[in-house]
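Chemist: First the structure, which I've put down as structure tokens, then a few questions once you've had a look.
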Amino acid sequence: MKVVHTIKELQSELSTHKDLYKKIGFVPTMGALHEGHASLMRKSVEDNEVTVASVFVNPTQFNDKNDLLKYPRTLEADCALLQACGVDYVFAPEIAEMYPSEDMRMFSYPPLDEVMEGKHRPGHFNGVCQIVSKLFDAVMPDRAYFGEKDFQQLAIIKKMVDDLKYPIEVIGCPIVRETDGLALSSRNARLSAEERENALNISQALYKSCTFATNHSVEDTQKMVENAITAASGLQLEYFEIVDGNSLQKIANWDETDYAVGCITVFCGDVRLIDNIRYK
Ligand code: PAF
């Protein structure tokens, strides 16, 4: 595995493989890697002849500067995990490499980016599209892999790829959970033992709601989850929405769609956690 820091170096390495028509898989990350990321890496290694992972904490997608400062940076441990997964190249650029000047481009994909994370984190998806498009331009992979935990991000990136006509197949990979149900996240490292215990209520409420939803309305299922989170100690619900998985718009009745997903964001202490569950 080779670690490179500049686009020029990366492209010169990849051109040898591209000349031989090798398929390139790409997994963009912000580091602080865990088993969830490892599952994306393994899928890419399985599907492609060459896998590139990027590790870059992208400043333009943080609307909360404190969150950016607190974001864990663990490149050495990340490289060990990437190597164990069989990744061929790690692209770990400095900020000036990706943003030699301010990125003035504006990405807007309404109504996908107007709801949920888009509403609560203004500018977040613009920043995600800025960096993902720059990374796509640098790597030009055949396939790119994203986790379904960031459900809205995945939908918006698919839309961007379609809009900008990138010849890249975007592949969503299932959420990886701890054995007790907690969705893996780089932010889990910031939870105290007590907060980690409290955070378990999130996935438990989502699981319960799946059974509940089989004989209750969308509205009642919504209330059930809201009440479960409000009743749990140490949790602050930001939103829970039951949406059509394609349009990301709220549904009022189960028969409005054959793809219904419940998306939740909860503060556990000052750690913001997201999760989702598919109803059908
Ligand atoms: O999901 C993430 O880790 C980030 O949003 C991404 C896609 C690497 C862009 O910075």
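Chemist: Spot the failing condition for residue 152; the list is (1) modelled with pLDDT of 95 or more; (2) surrounded by fewer than 17 Cβ atoms within 10 Å (Cβ to Cβ), and only one is missed.
Modeler: Residue 152 satisfies every listed condition except (2).
Chemist: Moving on to the next point. Taking the range 96-108, which residues are open to solvent by less than 30 Å² (accessible area, probe 1.4 Å) and assigned to a helix (DSSP H, G or I)?
Modeler: Within the range 96-108, just 98 meets the criteria.
Chemist: Give the residue, chosen from 46, 35, 9, that is within 15 Å of the ligand (Cβ to nearest atom) and open to solvent by 40 Å² or more (accessible area, probe 1.4 Å).
Modeler: 35
Chemist: From the list 39, 44, which one is touching a Ser or Thr at 6+ places or on another chain (Cβ under 9 Å), of a type in the set (Ser, Thr, Tyr) and assigned to a helix (DSSP H, G or I)?
Modeler: Answer to the check: 44.
Chemist: Can you name the number of the only condition in (1) closer than 29 Å to residue 17 by Cβ; (2) in contact with a helix residue (DSSP H, G or I) (Cβ under 8 Å, 6 or more places away or on another chain); (3) surrounded by fewer than 16 Cβ atoms within 10 Å (Cβ to Cβ) that residue 89 fails?
Modeler: All conditions pass for residue 89, except number (3).
Chemist: So residue 78 passes all but one of these: (1) within 14 Å of the ligand (Cβ to nearest atom); (2) surrounded by fewer than 21 Cβ atoms within 10 Å (Cβ to Cβ); (3) more than 24 Å from residue 63 (Cβ to Cβ). Which condition number does it fail?
Modeler: That leaves (2) as the condition not met.
Chemist: Being farther than 28 Å from residue 159 by Cα, crowded, with 16+ Cβ neighbours inside 10 Å and at pLDDT 95 or above: is that true of residue 260 here?
Modeler: no
Chemist: Scan the range 122-137 for residues that are touching a Ser or Thr at 6+ places or on another chain (Cβ under 9 Å) and away from the ligand (no atom under 11 Å from the Cβ) and jot them down.
Modeler: Passing the criteria: 123, 126.
Chemist: For the range 219-250, enumerate the residues that are crowded, with 20+ Cβ neighbours inside 10 Å, touching a Ser or Thr at 6+ places or on another chain (Cβ under 9 Å) and aliphatic (A, V, I, L, M).
Modeler: Correct list: 225, 228, 242, 243.
Chemist: Just to be sure I understand the filter: pairs with C-beta atoms under 9 Å, separated by 6 or more residues or on different chains, first member in the range 139-165 and on the phi > 0 side of the Ramachandran plot and in contact (Cβ under 8 Å) with a residue 12 or more places away in the chain, second member buried (at least 18 other Cβ atoms within 10 Å of the Cβ) and not in a helix (DSSP H, G or I). Which pairs pass?
Modeler: Filtered contacts from the range 139-165: 140/24; 140/26; 140/166; 140/168.
The values are calculated or read from the model by the stated rules, or taken from the named source; none is laboratory data. Remember, predicted model here, so these are calculated numbers, not experimental data. Neighbour counts are summed over all protein chains in view; Cβ atoms, including those assigned to glycine, are modelled from backbone coordinates with ideal geometry. To get the accessible areas, we keep the full protein, side chains included, count just its heavy atoms, and leave off ligands, DNA and RNA. Shrake-Rupley method; radii C 1.70, N 1.55, O 1.52, S 1.80 Å.
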